[in-house]
Amino acid sequence: MEKEFLIYIDGEFYPKSEAKVSVYDHGLLYGDGVFEGIRAYSGIVFKLKEHIDRLYRSAHTIMLRIPLTKDKMTRAVLDTLKKNSLKNAYIRLVVTRGIGDLGLDPRKCPKPTVIIIAEPIIQIYGAEAKEKGMTAIISWVKRDSVDATTHETKSLNYLNSILAKIEANAAGVDEAIYLDKQGFVCEGTAENIFTVRDGKIATPPVSTGALAGITRQRVMKLAEDLGHTVVESNITPNELFNADEVFFTGTAAEVVAVTEVNRRIIGDGKPGPVTRRLMKEFYKIVKDPREGTSIN
Ligand code: PXG
């Protein structure tokens, strides 16, 4: 039998088929918890510190006390990778409110559940998407305004992303883009969005409800280092349709062009020069030991 991956749950490792949590866990019953999606490249966990910091900020907002220090959590992530002999990996870090009763009162949950899953990279957006770009629709599902379920907090409540994804699937396109409640462009289902116009780069502010993406942050700095002006500003659907280039950023997506939105071709319908340059430079960054934490 093929060796199963080992999953970390509350300090112990379990083979994948035995890695289970209680049906009374409030992560399941109420989406009460927080998570991170992280990636390791050639033995370096890209921006691990930033992901751990964001996890603890999300937990702070929902008043969930993570039962590990940040250092211990970092070690647990690295141990999980080592146990599974993974150097290139997708890592999912989940902390739920823990086991409680059927009421939603979090006081009934004395111990948060900590889960770390590490698997080889699955090509979520494969080579073809990288080469040709992705198609997208603007979804009818609007990003929640800035409150508990906005993606300012990376909580386990992802139903609006899921509904938008279902809509994209039904429309036969690769991804869905949300607007905020005012009608401004917000982000994709699991990626931030950027426009390029006359060499100037724009991305929606987090006040639209977009996640303060770690890839977004790094790509903004990269673009500035390459001489571009980068602004956080509201983007209308009209501005999106008429941009020279549109691209997504995210842990899974990395940097990827969006070449069609609601059947409107963006630019000339191919990944543009700014996007291609950023893709190329981003691949160098993710392998740079200074940009992450070494597994060993
Ligand atoms: N917006 C949302 C709503 C996200 O969930 C991003 C933007 C990009 O942020 P980062 O920090 O990754 O640059 C995310 C990231 C998945 C998956 O399995 C989701 C995320 C990350 C990785 C994988 O769909 N969320």
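Summary table
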| item | result |
| --- | --- |
| Strands (runs of 3 or more DSSP E) contained entirely in the range 161-208, each with at least 1 residues that are away from the ligand (no atom under 12 Å from the Cβ), within 20 Å of Glu254 (Cα to Cα) and assigned by TED's automatic domain parsing to the domain that holds Ala136 | 185-188, 192-197, 200-203 |
| Count - residues of the range 65-78 that are under 20 Å from the mean Cα position of the chain (by Cα) and part of a loop (DSSP other than H, G, I, E, B) | 0 |
| Residue list for the range 88-132, filter: open to solvent by 80 Å² or more (accessible area, probe 1.4 Å) and touching a helix residue (DSSP H, G or I) at 6+ places or on another chain (Cβ under 8 Å) | Ile99, Leu102, Leu104 |
| Answer from Ala257, Ala243, Ala252, Ala223 - the residue that is modelled with pLDDT under 95 and open to solvent by less than 40 Å² (accessible area, probe 1.4 Å) | Ala252 |
| Filter result (away from the ligand (no atom under 15 Å from the Cβ) and in contact with a strand residue (DSSP E or B) (Cβ under 9 Å, 6 or more places away or on another chain)) within the range 209-234 | Glu224, His228, Thr229, Val230, Val231, Ser233, Asn234 |
| Subset of the range 260-281 (residues that are part of a strand (DSSP E or B) and open to solvent by less than 40 Å² (accessible area, probe 1.4 Å)) | Glu260, Val261 |
| Residue pairs meeting the criteria (Cβ under 6 Å; at least 6 apart or on separate chains; first modelled with pLDDT of 95 or more, in the range 51-63; second part of a helix (DSSP H, G or I) and aliphatic (A, V, I, L, M)) | Ile52/Met73 |
| Residues satisfying the stated conditions in the range 15-50, i.e. among the aromatic types (Phe, Trp, Tyr) and loosely packed, with under 15 Cβ neighbours inside 10 Å | Tyr24 |
| Leading residue by the ranking (nearest to Ser58 (Cα to Cα)) among those in the range 157-185 that are modelled with pLDDT under 95 and touching a Gly at 6+ places or on another chain (Cβ under 7 Å) | Asn157 |
| Test: residue in the range 232-254 that is more than 28 Å from Asn169 (Cβ to Cβ), in a strand (DSSP E or B) and not polar (S, T, N, Q) | yes |
| Among the residues listed as Ile235, Ile285, Ile214, the single one being buried (at least 17 other Cβ atoms within 10 Å of the Cβ) and more than 30 Å from Glu167 (Cα to Cα) | Ile285 |
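Residues checked against (1) assigned to a helix (DSSP H, G or I); (2) within 16 Å of the ligand (Cβ to nearest atom); (3) not assigned by TED's automatic domain parsing to the domain that holds Lys20:
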{"position": "Val34", "(1), (2), (3)": "no, yes, no"}
{"position": "Gly37", "(1), (2), (3)": "no, yes, no"}
{"position": "Val45", "(1), (2), (3)": "no, yes, no"}
{"position": "Met63", "(1), (2), (3)": "no, no, no"}
{"position": "Thr80", "(1), (2), (3)": "yes, no, no"}
{"position": "Ile91", "(1), (2), (3)": "no, yes, no"}
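The values are calculated or read from the model by the stated rules, or taken from the named source; none is laboratory data. None of the values given here were measured: they were computed from a predicted structure. A quick note on method: Cβ atoms are made from the backbone with ideal geometry, for glycine too, and the neighbour counts reach across all protein chains shown. These accessible areas exclude ligands, DNA and RNA; they are computed on the full protein's heavy atoms, side chains included. Shrake-Rupley method; radii C 1.70, N 1.55, O 1.52, S 1.80 Å.
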